[in-house]
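Just so it is clear, none of the values below were taken in a lab; they were calculated from the coordinates. Computed from a predicted model, the values in this text were never measured in an experiment. Glycine also receives a Cβ, built like all others from the backbone with ideal geometry; neighbour counts cover every protein chain displayed.
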Amino acid sequence: MAETVVIGAGPAGLMAAGVLAEAGHTVLLAEARPSAGRKFLMAGKSGLNLTKDEPLAVFRSAYGTDWLDPMLADFGPEQVMDWARGLDQDVFTGTTGRVFPVAMKASPLLRAWMGRLADQGVALKTRWRWTGWDGDALRFDTPEGPVRLSPKVTVLALGGASWPRLGSDAAWVPWLTRRGVAVAPFQPANVGLGVDWSAPMQRHFGQPVKGTALMARAQVSRGEFVVTAKGIEGGGVYGVSAAVRDGAPLFLDLLPNLSLAEVMGRLSAPHGKDSLPNRLRKALRLDPLRIALLQEWGRPLGDGATLARKIKHLPVRHTGPRPIAEAISSAGGITRHSLTGDLQLRALPGVYACGEMLDWEAPTGGYLLTGCMATALWAGKAAVRALSGI
């Protein structure tokens, strides 16, 4: 029987399993899906953003809490890059500080990672679905029938509630709450916003919106976003989605590099018999998509100062965040006070939790993956100490 069982073969589970195996413990890694790292592979389809190369203090501030500070100090951006290189995966830093494998995709890194774990003796069991406890034993549904295990240490790395089709379905919540573990309700994070578009906007579906700034309270996002049939999606939206989810009104600055006075000055120039779209195009160099958004959300547009203010502070009329199943990540999870400083569940001695199961959230840009791996490394090291009687 394995001394340790790690449940969930995403990045957090793989990291925890590696720590335990490296310390010489037998590890069974149980995964409900047919293969490991499915969400990891999906996240890397457009370029696997491992972390962000910036000072640690700046990096930690992105999480909005000090809970993860010691874990990120132990495994932050520099350590993530060294870890990838240790798997023979060179990395590079883009112009925004985001760090990617040179191969860009997740599959080469995952293959190398899985190879290392196999060499360390980690036993991966796929299609093993954890279904809670039977007394003090872990209960699994497996292709060979029900299995019950009673390891010395269990590490839970089951993910949050986003992308459930890839495995993070939060089915574990009632099993933990029944045993006295507090779990904050899951909410969508890094998620698009729904919009009920008018018919003229249909021709713009799939087009990126560039050169703007989204503003929600103190949050300002200069990233691009895409107009879709469902609403607006992409990095620019994700940067403000938490504030919007929590009730902040959202505004769009169509010309963030110009002041209100400069916009007013350009609009006041003689324009002859130009139509309004032509005037906006010539005087302000607004492209057709930004003009369409102004017309969609700004009517009646007015003129002069009124028009200029709408260009600089356009209310975004949306229907709220898209469903959590479409979110990149989720907020909510096992609360901080339900865990010791070592990420052991207070109500369940010998059981540790890590990754998106925990109640933290972070923006995209490398913070999510680093946070998952840092908490897993922390929990894994604590489990090793417990097994050693330290």
(message) Below 15 Å, Cα to Cα, which aspartates and glutamates can K273 reach? Residues fewer than 8 away in the same chain don't count.
(response) D303
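Note the full-extension length gain between R148 and H313 as 0.36 nm times their separation in residues minus their Cα-Cα distance, in nm to one decimal.
Working: separation 165, 0.36 × 165 = 59.40 nm, distance 5.89 nm.
Extra length available between R148 and H313 comes to 53.5 nm.
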(request) Report, in degrees rounded to the nearest 10, the 0 to 90 angle that the Cα long axis of helix 107-119 makes with the longest principal axis of the chain. (result) 10 degrees
(request) Quick one: what are the phi-derived ³J(HN,Hα) couplings along segment 17-34, Karplus 6.51/-1.76/1.60 with θ = phi - 60°, whole Hz, x for glycine and proline? (result) 4, x, 4, 5, 5, 4, 7, x, 8, 6, 10, 10, 9, 9, 10, 6, 8, x
(message) Quick check for me: using +1 on Lys/Arg Cβ and -1 on Asp/Glu Cβ, what's the dipole size of segment 300-390 about its Cα centre, in debye to the nearest 20?
(response) 240 debye
(message) List the lysines whose Cα sits under 17 Å from the Cα of K381, skipping any in the same chain fewer than 8 residues away.
(response) K152
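T335 to A123: extension gain in nm, 0.36 nm per residue of separation minus the Cα-Cα distance?
Details: separation 212, 0.36 × 212 = 76.32 nm, distance 3.01 nm.
Length difference between fully extended and current span is 73.3 nm.
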(message) Net charge within 13 Å of S241 by Cβ-Cβ distance, Lys/Arg positive one each and Asp/Glu negative one each, not counting S241 itself?
(response) -1
(request) Along Cα→Cβ, 7 Å out, is where each label goes; now give me the distance between the ones at D196 and M42 in nm to one decimal. (result) 2.9 nm
(request) Note down the nm distance, to one decimal, between modelled labels 7 Å out along Cα→Cβ at A218 and at R299. (result) 3.8 nm
(message) Using a Cα-Cα cut-off of under 23 Å, which lysines could be cross-linked to K52, ignoring same-chain neighbours fewer than 8 residues away?
(response) K39, K105, K210
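Take the Cα radius of gyration of segment 195-321 and divide it by 2.2 N^0.38 Å, with N its residue count; two decimals is plenty. Don't skip to the end; give the middle numbers.
Values: Rg = 14.3 Å, N = 127, 2.2 N^0.38 = 13.9 Å.
Scaled against compact globular proteins, the figure is 1.03.
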(message) Nearest 10 degrees is fine. How inclined is helix 367-387 to the longest principal axis of the chain, computing both from alpha carbons?
(response) 20 degrees
(request) Mind putting a number on the dipole of segment 1-90 about its Cα centre? Charges go on the C-beta only, +1 for Lys and Arg and -1 for Asp and Glu, and I need it in Debye to the nearest 20. (result) 520 debye
(request) Could you tell me how many degrees, from 0 to 90 and to the nearest 10, lie between the Cα long axis of helix 77-86 and the main elongation axis, the longest principal axis, of the Cα atoms of the chain? (result) 60 degrees
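Expressed as a fraction of 2.2 N^0.38 Å, the rule-of-thumb size for a compact globular protein of N residues, what is the C-alpha radius of gyration of the chain?
On the way: Rg = 24.1 Å, N = 390, 2.2 N^0.38 = 21.2 Å.
In units of the globular-protein estimate, the chain measures up at 1.13.
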(message) Looking at segment 1-135, I'd like the Rg to Rh ratio, where Rg is from alpha-carbon atoms and Rh is Kirkwood's inverse mean 1/r.
(response) 0.99
(request) Quick one: give the max-minus-min coordinate of the C-alpha atoms of segment 1-69 along each principal axis, largest first, in Å. (result) 44, 29, 19
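I need to check one value: relative contact order of the chain, counting alpha carbon pairs closer than 8 Å and at least 6 residues apart, in percent. Write down the numbers at each step before the final one.
Working: 806 pairs, mean separation 91.0, N = 390.
Computed value for the chain: 23 percent relative contact order.
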